[in-house]
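Derivation of every value follows stated rules applied to the coordinates shown; laboratory data play no part. For clarity, every value in this text was computed on a predicted model and none was experimentally measured. So basically every Cβ, Gly included, is an ideal-geometry build from the backbone, and we count neighbours across all protein chains shown.
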Amino acid sequence: MSTELKSNEFRMVAKTMFGLEDILAKELEDLGAKNIEKLKRAVSFDGDMVLLYKANYLCRTAISILKPIYTFEANNEKELYDNVYTYKWEKLINSDGTLSIEPVVNSTIFTHSLYASQKTKDAICDRLRKMFSQRPTMTRENPDIILNLHIYENKVTISLDSTGESLHKRNYRVATGPAPINEIVAAGLIKLAGWDRESNFFDPMCGSGTILIEAAMYAYNIPAQYYRKNFAFTKWPEFSMPEWKRIREDADKEICDFDYEIWGSDISGQAIKIAQENIDNAKLHKDISLFRNAIEDQNPPEGKTLIITNPPYGERLDVDDIFDLYALIGTTFKNKYAGSTAWLITSDFDALKYVGLRPTRRIVVFNSNLECKFCKYEMYEGSKKAKKNNYDNQDPNEALYEYNEQSDEFEEPDGLDLTPDFEEDND
Ligand SMILES: C[S@@+](CC[C@H](N)C(=O)[O-])C[C@H]1O[C@@H](n2cnc3c(N)ncnc32)[C@H](O)[C@@H]1O
C-alpha cells in the first residue's frame, strides 16, 4: 500500500548492480524508506533529506542516490532542448557556479549520449545566460551540481545526483591487486549469503582484501561510508550540516563488537601485502588476520565459518591451469571445510564445472560489467544419510538438487532453470 508524500518528502532512486536489488531494497526499508519499488539495477522509494543522508552513508549496496526533479517526453533534439529550457534552473544552479551532466541513454531517438547531454547543457546554460548574462561552468572536478540525465526511448528524467563519485569508492583502498572485486558487489555477496554475523568469516583467495574488509565493516556495524569525505549533496542549498553531523554521529555510535574471527589468505605475497595496506588504512588490522598460503594449505578458523571467495577468472591463466585450480578449490572445499558453507563468485563458467561439487544455490550477479555466478556449496559432515536428511530439511526453494546415493552427489533435475528471476522494470 502506498502512502502519501509529506511536504518535506520526495521520491528517490538508489542505483545498484544487477542481482543486488532485493538486498538494497531491504537496506532502504531498514532505514525507513517508504513506497519501495524494485527496478532493474535500482530501487525507488520515498523519504526526506534525512533519509537521503542515511542512504548515502549507510547503504552498502547502493552506487548512488538520485533525486528526480523533472520528467518529460522528447521525440527529437528540439523537444529535448525546449523542455529542458523551460525548467526553472535558476532555483538550483548559480549562474557563476559549476555543473556536470552524467548521461545514461538507452534510446533509438537519442543514439549518442554525449550529444544528448550537450543539448541539455546548452538549454540550461542558454536559460541562465539570458537571465543573468552569465552561464555556469561545466566541470567534472567537484562541481556544485551533478545532474543525471536518464533517457529511455522518448522518456527523459533529470535527477540531482546526491552522491557524486560512486559509493563503491569507500576510501579505504590505498592499493589494488590485479582483479579486485567491486566493494558494492563484495558487500552484496555477504548479504546474499545471508551471513548472520554469528560465525567466523574466511576468504582463502583474498587478493587485495575487499571481501574481508566489507565483511569486517558489516560485522562491526561500521557505516559503509565511514572513511569517505565527499558527498555531492553537501553543496546543495538545502544541505544542513548539523543534521548531517547528527546522522553520522548516531550511526557511528552503533559500531559494535564482533566475537568471531575474520581470516584471509592468498598464495601471492604481493596480494597479502596489498590487503594488509588496505586493512591497516581501514584501521581493521586487529580484526582481520592474514596468511600467505595456497588454498589447499590453509586451514579455515576453527568453529562455524562462512567462506566467501573470488578465485581468478581465467583471463590471465592458461586454460589447463585454471581448470586445475578450480578442481583444487572443489577438493579443498570438500576436504577442509566439512560442516561449513562456502560460496564462490566467478565469471568463468567453464572453469566452474571443474569444482566438481553441486552448488545448492546459484545466483546471477554482475561484477562491474562481468556476468558472474555466485554459487553456494554446503559441505556436510557425517554419513550419506545425514547428508540426505539435511538436504530434505532445506527450504523447498533452495532444494534445487536431488541427492543420488550411488554417486554421492546432488544432481540437477532435468529442465530446472536455476537462474533466479529478478524483477524487470521498463527502464
Ligand atoms: C580475483 S583475485 C581476488 C580479488 C579479491 N577479491 C580482491 O578484491 O582483491 C584471485 C586471487 O586468488 C589468488 N590465488 C590464485 N591461486 C591461488 C591458490 N592456489 N591459493 C590461494 N590463492 C590463490 C590470486 O593470488 C588472487 O589474489
Expressed in whole Å with the largest first, what are the equivalent ellipsoid semi-axes of the range 248-345 derived from the C-alpha gyration tensor as the square root of 5 times each eigenvalue? 28, 18, 13
Helix 77-86: inclination vs the chain longest Cα principal axis, degrees, rounded to 10, gives 70 degrees
Assertion target for Cys256, Cys125, ordered by fewest C-beta neighbours within 10 angstrom first, is Cys256, Cys125
Listed residues Ile307, Ile124, Ile213; largest mean-square fluctuation, Gaussian network over the chain with Cα springs below 10 Å, found at Ile124
Rounded to 0.05, the calculated FRET efficiency for the beta carbons of Glu165 and Glu381 at R₀ = 35 Å is 0.15
To the nearest 10 degrees, how steep is helix 241-253 against the longest Cα principal axis of the chain, on a 0 to 90 scale? 10 degrees
Compactness check, the chain: C-alpha Rg relative to the 2.2 N^0.38 Å globular estimate gives 1.10
Go through the range 66-71 residue by residue and turn each phi into a ³J(HN,Hα) via Karplus (6.51, -1.76, 1.60, θ = phi - 60°); whole Hz please, and just put x for glycine and proline. 9, 10, x, 10, 7, 10
Suppose we keep just the alpha-carbon trace of the range 10-161; what are its Rg and Dmax in angstrom? 16.1, 48
When Lys and Arg each count +1 and Asp and Glu each count -1, what net charge do the other residues less than 9 Å away from Leu20, Cβ to Cβ, add up to? 0
So what's the Cα pair-distance distribution over the range 72-162, bin width 5 Å, in %? 3, 15, 27, 27, 17, 10, 2, 0
What's the angle, to the nearest 10 degrees (0 to 90), between helix 319-336's Cα axis and the longest principal axis of the chain? 70 degrees
Restraint check, Lys67/Lys155; Lys191/Lys245; Lys91/Lys130; Lys169/Lys229; Lys54/Lys283, Cα-Cα greater than 18 Å: Lys191/Lys245; Lys54/Lys283
Once you put a point 7 Å from the Cα of Asp280 and another 7 Å from the Cα of Thr234, both along the Cβ direction, what distance in nm separates them? 2.6 nm
Need the full-extension length gain, Asn8 to Asp122, defined as separation in residues times 0.36 nm minus the C-alpha distance. One decimal, nm. 37.9 nm
May I ask for the net charge around Trp343, where only other residues with Cβ less than 9 Å from the Cβ of Trp343 are counted and Lys, Arg are +1 while Asp, Glu are -1? +2
Provide the net charge surrounding Ala33, with neighbours chosen by a C-beta distance below 11 Å and charges set as Lys +1, Arg +1, Asp -1, Glu -1. -3
Over the Cα atoms of the range 209-277, what radius of gyration and what Dmax do you get, in Å? 16.4, 51
Taking N as the number of residues in the range 153-197, what value does Rg over Cα atoms divided by 2.2 N^0.38 Å take? 1.67
Candidates Asp144, Asp257, Asp280: whichever shows maximal mean-square fluctuation once the chain is modelled as a Gaussian network with Cα springs under 10 Å: Asp257
In whole Hz, with x marking every Gly and Pro, tabulate ³J(HN,Hα) for the range 39-47 from phi via Karplus 6.51 cos²θ - 1.76 cosθ + 1.60, θ = phi - 60°. 10, 7, 6, 6, 9, 9, 6, 9, x
Once label points are set 7 Å from the Cα along Cα→Cβ at both Leu328 and Asp252, what is their separation, rounded to one decimal in nm? 4.4 nm
Report the gain in length on full extension from Asp350 to Asp82: 0.36 nm times residue separation, minus Cα-Cα distance, nm rounded to one decimal. 91.3 nm
